[in-house]
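*Asks:* One structure, as structure tokens, below. Some questions next.
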Amino acid sequence: MQNKLKDTFREHYGFFIIFSVGIILRLIFLLTQGMSHDELSAWNRTNVHDFSELISVGVGGDMHPAFFQILLTYWVHWFGDSAFVFRLPAVLFGLGGIALLYKTGIRFFSKQAALLAVAGLSIFVFPILHTSLSRPYAPGFFFITLLVYGILDYRNQTEKPIYFKGLLLIFIGLTGSMYSHYYAFVCAAIISFITLFYLNKRQLTGFIITGILALIAFIPHIDLTLHHFSKGGLGWLGKPGSFWLFEFFKLYFNDSQLLFILIAGGISFAYYAHKQAIDKLTAFPLLIFFGIYFAGHAVSILYTPILREPGQLFTIGFLFLGLGHMLSSIDLQKYTRLLVLVCVLLSIHSLTLGKLTRPVHFEPFREVAGLISEYDQQIAPDKMIRLVNVTNTNYLNYYGRAENMSQDFEMTLIEETEEIYHLSDLIQNAEQEEYVMLARLNRRHHPVLYEIIRRKYPKVVRHEDFFNADFSVWEKSPGFSRKFEHNYNSSNSPELFTQWKKDTLSEEFFGDIRIPVKQLRQPGTYILVEAKGWYDSATTSLPFVAVLENQGEMRIKDEQPLYYQAWDQIRLETKQSDSFFIAFEIPETAKENDEIHLYFWNPEKKPLFVHPPHIYVVNPNY
């Protein structure tokens with residue numbers, strides 16, 4: 001037995017070393033990273049009382065098929081809900097998919113192909129994340145891999161009239177893919193179509209019947225699928241650009257363009273130095289990856305966006321299989337040793353430059369809960385206004401329960417216009433509170449929130465920026481003088497204010513400033529426009545407007561303004577004679593030759609007087 005184990009290790013030592021490195025990296029990730037927004041959503045939906053509620057709330061409350069949410073719900077009830085335990089099913093599916101991909105490679109292609117596939121999915125940050133996060137990507141990857149293994153196994157068996165084992169694997173792979181993720185469903189359908197051209201006539205009958213049986217097995221899920229699709233799909237994604245695939249590869253290889261170029265160049269050099277013809281078998285995994293990608297790209301352009309980076313996890317292993325098989329003429333021992341060395345070096349890159357252990361890849365609920373608890377302990381409850389802008393406070397309380405974090409927040413959602421005006425009232429009516437704390441997680445970023453608060457609490461005590469999140473504490477600090485990155489005004493930039501009129505008795509649109517985007521855009525900042533003025537006491541509405549224009553025309557997308565901000569000064573300010581203000585970010589979609597057009601909309605045409613404003617570039621850290 002011992003000799004057999006030694007022989008197995010000696011034969012597959014490359015796999016065991018690379019696979020072990022992948023396991024270690026995933027353990028490091030599990031032990032150092034808190035749970036993401038989507039994971040906490042899945043966790044929150046495990047809190048159900050019966051199977052009917054699990055389907056209607058647990059599955060119906062999301063946009064993914066039922067399998068993984070059902071598994072997670074029972075898993076939590078059996079084993080608990082610590083982050084490590086909660087992520088374990090995804091990790092096992094991910095590792096199982098990698099091991100199955102290796103078996104696929106050595107059985108149907110070559111050991112070179114198998115090792116490259118294992119390496120490509122074991123050591124980079126992107127596949128580590130998406131085979132460790134408790135989301136349906138890992139099971140989707142596993143079942144798609146099982147489907148392809150079953151197809152190749154079935155195709156290889158030519159002696160038996162009906163090869164039930166291969167057909168059973170295909171059925172499980174198809175059904176598991178459909179029940180795991182809708183994009184995996186699409187992948188399974190395209191793989192099945194490609195397979196039709198790889199089977200002989202006798203094999204086609206069994207394959208088609210198996211596919212029909214898998215579709216029949218999905219019938220119980222149709223009502224849920226229709227419910228999911230009625231929510232509107234992925235229109236928020238936007239259409240992919242011409243270089244989407246290259247941008248994805250850069251992201252995949254630790255978000256490093258240099259690493260992508262080196263890896264692509266190394267594989268290309270190795271192939272041309274050891275040329276091997278691309279046969280029909282080699283083309284099969286390449287057709288799977290590129291066929292599915294181009295189909296997804298076309299659907300995203302012509303119909304509705306479906307192309308997301310995590311979905312490429314389902315098929316990228318087959319790209320590595322195809323590329324690795326093209327290198328199968330290279331000496332196996334040299335190839336294995338070199339690949340193991342490269343994998344060890346790249347694992348160090350993933351830990352350091354790839355930032356595997358840092359909270360930069362998704363929303364840091366654990367870190368923000370820790371910051372809230374820290375200031376809860378430092379500042380008395382009656383001296384601080386506590387605000388969070390989060391989809392569901394339960395997500396924050398997952399970590400807050402361990403930190404003994406208070407769940408008493410004055411506001412928990414500050415995103416819609418009326419909510420922001422309510423915040424303005426809350427701040428203006430505050431009396432004994434000396435501090436304001438605001439945490440934002442996975443919600444839209446409104447700089448006007450900061451400025452509403454800083455009307456009364458100007459001093460930044462603490463500001464932390466995270467991925468799609470931030471945390472701030474402000475203090476009243478009378479007499480505090482703010483600092484700005486830049487201040488454009490009528491004295492230092494008179495060319496911006498040539499069209500500005502100080503007063504009007506009856507104009508609907510008043511004030512007129514156009515400032516180039518390239519003049520305002522600075523990383524990590526937002527824009528504050530502030531002006532002293534006076535409005536008639538009978539005025540009930542006075543929006544201050546910022547709109548994105550190009551050559552004097554409003555930029556339009558889908559028949560709507562591409563960027564339009566309007567904040568009613570009557571709602572934001574309580575005094576009739578005071579400062580007017582608007583705050584906004586320069587949108588990413590703004591071009592360098594675009595302009596921000598600033599003006600007042602005076603719909604009631606009441607008398608209005610406004611001095612030329614100051615336009616500040618604000619760093620939220622001070």
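The values are calculated or read from the model by the stated rules, or taken from the named source; none is laboratory data. Quantities reported herein were computed from a predicted structural model and do not represent experimental measurements. Cβ atoms come from the backbone with ideal geometry, glycine included; neighbour counts cover every protein chain shown. To get the accessible areas, we keep the full protein, side chains included, count just its heavy atoms, and leave off ligands, DNA and RNA. Shrake-Rupley method; radii C 1.70, N 1.55, O 1.52, S 1.80 Å.
Yes or no, residue by residue, for (1) farther than 22 Å from Phe126 by Cα; (2) buried (at least 22 other Cβ atoms within 10 Å of the Cβ); (3) of a type in the set (Gly, Ala, Ser):
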{"residue": "Ala273", "(1), (2), (3)": "yes, no, yes"}
{"residue": "Asp279", "(1), (2), (3)": "yes, no, no"}
{"residue": "Leu302", "(1), (2), (3)": "yes, no, no"}
{"residue": "Leu313", "(1), (2), (3)": "no, yes, no"}
{"residue": "Val340", "(1), (2), (3)": "no, no, no"}
{"residue": "Val344", "(1), (2), (3)": "no, no, no"}
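*Asks:* Taking interchain pairs and intrachain pairs at least six residues apart, which have beta carbon atoms under 6 angstrom, with the first residue in the range 390-408 and within 18 Å of Val436 (Cα to Cα) and the second open to solvent by 20 Å² or more (accessible area, probe 1.4 Å) and among the acidic types (Asp, Glu)?
*Replies:* Sorted first by the residue in the range 390-408, then by its partner, the pairs are Ser406/Asp376.
*Asks:* Residue under question is Asp376, and the condition is that it be acidic (Asp, Glu) and surrounded by fewer than 19 Cβ atoms within 10 Å (Cβ to Cβ); does it hold? Before you say what the answer is, go through the steps one by one.
*Replies:* On the way: acidic (Asp, Glu): yes; surrounded by fewer than 19 Cβ atoms within 10 Å (Cβ to Cβ): no.
No; evaluated as a whole, the condition is false for this residue.
*Asks:* Moving on. If you check every pair at least six apart or on different chains, which have Cβ atoms under 6 Å apart with a residue in the range 42-58 that is within 10 Å of Thr73 (Cβ to Cβ) and without any contact (Cβ under 8 Å) to a residue 60 or more places away in the chain first and a residue that is open to solvent by 40 Å² or more (accessible area, probe 1.4 Å) and of a type in the set (A, V, I, L, M, F, W, C) second?
*Replies:* Val48/Val57
*Asks:* Can you confirm whether the range 322-335 contains a residue that is closer than 30 Å to Leu31 by Cα and open to solvent by 60 Å² or more (accessible area, probe 1.4 Å)?
*Replies:* no
*Asks:* What number of residues in the range 208-226 are touching a residue at least 40 places away in the same chain (Cβ under 8 Å) and under 28 Å from the mean Cα position of the chain (by Cα)?
*Replies:* Final tally of qualifying residues: 3.
*Asks:* Now for a different question. Does Ser192 meet the test of being touching a Phe, Trp or Tyr at 6+ places or on another chain (Cβ under 6 Å), of a type in the set (S, T, N, Q), closer than 26 Å to Gly97 by Cα and surrounded by 13 or more Cβ atoms within 10 Å (Cβ to Cβ)? Working first, answer last.
*Replies:* Values: touching a Phe, Trp or Tyr at 6+ places or on another chain (Cβ under 6 Å): no; of a type in the set (S, T, N, Q): yes; closer than 26 Å to Gly97 by Cα: yes; surrounded by 13 or more Cβ atoms within 10 Å (Cβ to Cβ): yes.
When the stated conditions are applied, Ser192 does not pass them.
*Asks:* Could I ask something else about it? Filter the range 37-66 down to residues that are charged (D, E, K, R) and open to solvent by less than 60 Å² (accessible area, probe 1.4 Å), then give me how many there are.
*Replies:* The number of residues fulfilling the criteria is 4.
*Asks:* Of Leu88, Leu100, Leu116, which residue is open to solvent by 30 Å² or more (accessible area, probe 1.4 Å) and at negative phi? First the steps, then the outcome.
*Replies:* On the way: Leu100 fails: open to solvent by 30 Å² or more (accessible area, probe 1.4 Å); Leu116 fails: open to solvent by 30 Å² or more (accessible area, probe 1.4 Å).
So the residue among Leu88, Leu100, Leu116 that is open to solvent by 30 Å² or more (accessible area, probe 1.4 Å) and at negative phi is Leu88.
*Asks:* Somewhere in the range 577-588, is a residue farther than 22 Å from Tyr421 by Cβ and open to solvent by 70 Å² or more (accessible area, probe 1.4 Å)?
*Replies:* Checked against the condition, which is being farther than 22 Å from Tyr421 by Cβ and open to solvent by 70 Å² or more (accessible area, probe 1.4 Å), the range 577-588 yields at least one hit.
*Asks:* Answer yes or no: is there a residue in the range 10-22 that is among the polar types (S, T, N, Q), open to solvent by 30 Å² or more (accessible area, probe 1.4 Å) and at pLDDT 95 or above.
*Replies:* Checked against the condition, which is being among the polar types (S, T, N, Q), open to solvent by 30 Å² or more (accessible area, probe 1.4 Å) and at pLDDT 95 or above, the range 10-22 yields at least one hit.
*Asks:* Could you list, in sequence order, all residues of the range 550-572 that are surrounded by 17 or more Cβ atoms within 10 Å (Cβ to Cβ), in a strand (DSSP E or B) and not hydrophobic (A, V, I, L, M, F, W, C)?
*Replies:* Within the range 550-572, just Gln565 meets the criteria.
*Asks:* Can you name every residue in the range 466-520 that is closer than 30 Å to Leu387 by Cα and over 40 Å from the mean Cα position of the chain (by Cα)? First the steps, then the outcome.
*Replies:* Start the filter on the range 466-520 by keeping residues that are closer than 30 Å to Leu387 by Cα, which leaves 466-487, 520.
Result: Pro478, Gly479.
*Asks:* Determine if the range 279-287 includes at least one residue that is closer than 22 Å to Val148 by Cβ, at pLDDT below 90, not in a helix (DSSP H, G or I) and not basic (Lys, Arg).
*Replies:* Within the range 279-287, one or more residues are closer than 22 Å to Val148 by Cβ, at pLDDT below 90, not in a helix (DSSP H, G or I) and not basic (Lys, Arg).
*Asks:* I need every pair where a residue in the range 240-258 that is on the phi > 0 side of the Ramachandran plot has its Cβ under 7 Å from the Cβ of a residue that is open to solvent by less than 100 Å² (accessible area, probe 1.4 Å) and part of a helix (DSSP H, G or I), sequence separation at least 6 or different chains.
*Replies:* Within 7 Å, the pairs are Asn254/Val125; Asn254/His349; Asn254/Ser350.
*Asks:* Would you call Val461 crowded, with 22+ Cβ neighbours inside 10 Å and out of contact with any Gly (no Cβ under 7 Å at 6 or more places or on another chain)?
*Replies:* Details: crowded, with 22+ Cβ neighbours inside 10 Å: no; out of contact with any Gly (no Cβ under 7 Å at 6 or more places or on another chain): yes.
It is false that Val461 is crowded, with 22+ Cβ neighbours inside 10 Å and out of contact with any Gly (no Cβ under 7 Å at 6 or more places or on another chain).
*Asks:* Filter the range 527-570 for residues that are closer than 12 Å to Leu598 by Cα and among the charged types (D, E, K, R); which is nearest to the chain's Cα centre (by Cα)?
*Replies:* Glu549
*Asks:* Also, quick follow-up: Quick check on this structure: which one of Leu423, Leu413 is open to solvent by 50 Å² or more (accessible area, probe 1.4 Å), among the aliphatic types (A, V, I, L, M) and out of contact with any Cys (no Cβ under 9 Å at 6 or more places or on another chain)?
*Replies:* Of the residues listed, the single one that is open to solvent by 50 Å² or more (accessible area, probe 1.4 Å), among the aliphatic types (A, V, I, L, M) and out of contact with any Cys (no Cβ under 9 Å at 6 or more places or on another chain) is Leu413.
*Asks:* Can you list the helices (runs of 4 or more DSSP H) found entirely within the range 55-139 that contain at least 3 residues being small (Gly, Ala, Ser) and within 30 Å of Leu321 (Cβ to Cβ)?
*Replies:* 83-108, 111-122
*Asks:* Quick one: Ser406 ticks every box in (1) surrounded by fewer than 16 Cβ atoms within 10 Å (Cβ to Cβ); (2) modelled with pLDDT of 95 or more; (3) among the hydroxyl-bearing types (Ser, Thr, Tyr) except a single one, so which number is it?
*Replies:* Of (1) surrounded by fewer than 16 Cβ atoms within 10 Å (Cβ to Cβ); (2) modelled with pLDDT of 95 or more; (3) among the hydroxyl-bearing types (Ser, Thr, Tyr), only one is false for Ser406: (2).
*Asks:* If you don't mind, there's one more thing I want to ask. Among the residues of the range 239-252, is any more than 24 Å from Leu339 (Cα to Cα), surrounded by fewer than 17 Cβ atoms within 10 Å (Cβ to Cβ) and touching a Pro at 6+ places or on another chain (Cβ under 7 Å)?
*Replies:* yes
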